[in-house]
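**Student:** Please find one structure pasted underneath; my questions will follow.
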Amino acid sequence: MFFLSSPDFPQPHLVSSKCIEFESCRYNGLIIGSSLVKKLKNYADFTPVCPEVEIGLGIPRDPIHLEKDQDKIELIQPSTGYNCTGKMSEFADSFLMSVGGVDGFILKNKSPSCGVKAVKVYPKGGMSRPWTDGVGLFAAAVFRCFPFTPVEDEGRLRNYHLRENFLTRIYTLADFRENVLNGDFGDILEFHRKNKLLFSSYSQIHSRQLGRLVSNLKETTFPELVEKYRNTMKKMLQNDPLPPANINVLMHAFGYFSNDLTSSEKEFFLESLEKYRQGRVPLLVNQNLLKSWIIRFDNEYLADQTFFEPYPEELMEITFI
């Protein structure tokens, strides 16, 4: 009999706002707490950065904000009138070009430099009520330079489902970077094999596209295959898996055991699946139920499918603050 053991996970490379759990560099000299980032320090490699400090603004400093002048967004320090748009854009481009192998970003929410959404944008002069649909200047450069790379803020990552998808994405990309990029055809075939169920939960269409890529190895070079595969995979992973897609994957895995289970066990699983569909229990409940059968019936194919443990179990907490 074999026992289901936790896989060896790679260390994702994350760029984060330095004020989140790394240094007291907020405009008011404070540090932002995040229990997720604090815990992730043990499971990921971080490159912390404070764009505002990097362009010469001190700690503490007078606040800055975004202003809209016709169709142009500028970064202004209202107390001094200092326009730091050019310096911020120059730093962002330089920094992002120099940092390599990034699997994801965790940025400060609603920051005029790092906010990924819902950032206040004031009319020119800053005297009227702001809009709340802006993106920080540094964050905008991240989206431009790293399309389809996971980008979240520490506030949104308190949400269980957003956090679950973010962690799944960064660990999948880290695995690809570490075990496929400098590997060979065998490595990409193995990567695709163990991610089949996970990819099916994201998109059947993209999953089939990836399958076709790895089935035509004689028609391409390895670097060409890696580039096409990675681009398709990153596009696929940008959308959250929906419950119906996850249920399809769970039912597919359930099919491996349905002939060996009692009617009561089958009924219990289907009831648990319905509770997940209704949003009453998390996906993890049904994944663990299937994992118990993977162990019980010695199913080696399902045992290393990343769908059942896409990131370290220690990070599978329902609540982070």
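**Student:** Quick check on this structure: which one of Y43, Y82 is of a type in the set (F, W, Y) and in contact (Cβ under 8 Å) with a residue 40 or more places away in the chain?
**Tutor:** Y43
**Student:** How many of the residues making up segment 114-159 are closer than 20 Å to E90 by Cβ and under 20 Å from the mean Cα position of the chain (by Cα)?
**Tutor:** Final tally of qualifying residues: 13.
**Student:** Test of understanding: among E21, E54, which residue is touching a Gly at 6+ places or on another chain (Cβ under 8 Å) and modelled with pLDDT of 95 or more?
**Tutor:** Within the list E21, E54, the selection yields E21.
**Student:** Out of (1) under 23 Å from H13 (Cβ atoms); (2) in a helix (DSSP H, G or I); (3) not small (G, A, S), what's the single condition that is false for N239?
**Tutor:** Condition (2) is where N239 drops out.
**Student:** What are the pairs with Cβ atoms under 8 angstrom where one residue, in segment 280-294, is over 17 Å from Y202 (Cβ atoms) and the other, located anywhere, is exposed (fewer than 13 other Cβ atoms within 10 Å of the Cβ) and among the hydrophobic types (A, V, I, L, M, F, W, C)? Sequence gap at least six, or different chains.
**Tutor:** P282/I318
**Student:** Please enumerate the residues belonging to segment 21-44 that are within 23 Å of P112 (Cα to Cα) and aromatic (F, W, Y).
**Tutor:** Correct list: F22, Y27.
Rundown of residues vs (1) of a type in the set (S, T, N, Q); (2) farther than 23 Å from K234 by Cα; (3) touching a residue at least 60 places away in the same chain (Cβ under 8 Å), yes/no style:
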| residue | (1), (2), (3) |
| --- | --- |
| K87 | no, yes, no |
| F95 | no, no, no |
| P123 | no, yes, no |
| L137 | no, yes, yes |
| R144 | no, no, no |
| D153 | no, no, no |
| H161 | no, no, yes |
| E164 | no, no, yes |
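**Student:** Pull up segment 299-312, narrow it to residues that are surrounded by 12 or more Cβ atoms within 10 Å (Cβ to Cβ) and among the acidic types (D, E), then point me to the one that is nearest to S201 (Cα to Cα).
**Tutor:** So, considering only residues that are surrounded by 12 or more Cβ atoms within 10 Å (Cβ to Cβ) and among the acidic types (D, E), the one nearest to S201 (Cα to Cα) is E309.
**Student:** Being in contact with a Ser or Thr (Cβ under 7 Å, 6 or more places away or on another chain), farther than 30 Å from K266 by Cβ and modelled with pLDDT of 95 or more narrows it down to one residue among L210, L189; which is it?
**Tutor:** From the options L210, L189, the qualifying one is L210.
**Student:** Now for a different question. Right, F268: hydrophobic (A, V, I, L, M, F, W, C), at pLDDT 95 or above, part of a helix (DSSP H, G or I) and farther than 22 Å from D187 by Cα or not?
**Tutor:** So F268 passes the test.
**Student:** For segment 160-193, what are the residues that are among the basic types (K, R) and over 17 Å from the mean Cα position of the chain (by Cα)?
**Tutor:** Within segment 160-193, just R193 meets the criteria.
The values are calculated or read from the model by the stated rules, or taken from the named source; none is laboratory data. A quick note: this is a predicted structure, and the numbers were derived from the prediction, not measured. When we count neighbours, we look across all protein chains shown, and the Cβ atoms used for this are built from the backbone with ideal geometry, even at glycine.
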